[in-house]
1. Tell me which residues, restricted to the stretch 1-21, are at pLDDT 95 or above and either touching a Leu at 6+ places or on another chain (Cβ under 9 Å) or exposed (fewer than 12 other Cβ atoms within 10 Å of the Cβ) (or both).
2. Identify all residues within the stretch 52-84 that are at positive phi and modelled with pLDDT under 95; write none if there are none.
3. Mind checking which residues of the stretch 52-84 are small (Gly, Ala, Ser), farther than 18 Å from Ile13 by Cβ and part of a strand (DSSP E or B)?
4. Does the stretch 28-51 hold any residues that are assigned to a loop (DSSP other than H, G, I, E, B), loosely packed, with under 12 Cβ neighbours inside 10 Å, modelled with pLDDT under 95 and on the phi < 0 side of the Ramachandran plot, and which are they?
5. Within the bounds of the stretch 66-75, is there any residue that is in contact (Cβ under 8 Å) with a residue 12 or more places away in the chain, out of contact with any Cys (no Cβ under 8 Å at 6 or more places or on another chain), of a type in the set (Ser, Thr, Tyr) and surrounded by 14 or more Cβ atoms within 10 Å (Cβ to Cβ)?
Amino acid sequence: MVTVDSIQARQSIAARGLLGWTQSDLSEKSGISISAVKNYERGVTNSVGTTAALRLAFEAHGIRFIIDSHAGMNDIGVILREKD
């Protein structure tokens with residue numbers, strides 16, 4: 001499995017689910033506006049700055065974004081690494 005630089009809207013939604021976060025929680029933890037979070041998760045925007053802020057917020061709380069490519073297919077997912 002390989003960590004990828006960009007994240008998809010559905011990965012953001014899945015990551016929030018694993019953490020039990022609302023869009024407002026993600027907005028607060030990433031420092032981006034709630035409207036930017038909503039737009040990102042609807043696929044309206046995927047600016048480099050927004051993507052980076054979301055990724056940093058998620059990764060600071062144990063989320064890892066993955067893609068596993070094999071046989072011409074991509075398995076895209078989200079993992080939560082919990083501390084012992």
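1. Ser12, Ala15, Arg16, Gly17, Leu18, Leu19, Gly20
2. Within the stretch 52-84, Ala71, Gly72 meet the criteria.
3. Scanning the stretch 52-84 gives a single hit, Ser69.
4. Val44, the sole residue that qualifies.
5. no
The values are calculated or read from the model by the stated rules, or taken from the named source; none is laboratory data. A quick note: this is a predicted structure, and the numbers were derived from the prediction, not measured. When we count neighbours, we look across all protein chains shown, and the Cβ atoms used for this are built from the backbone with ideal geometry, even at glycine.
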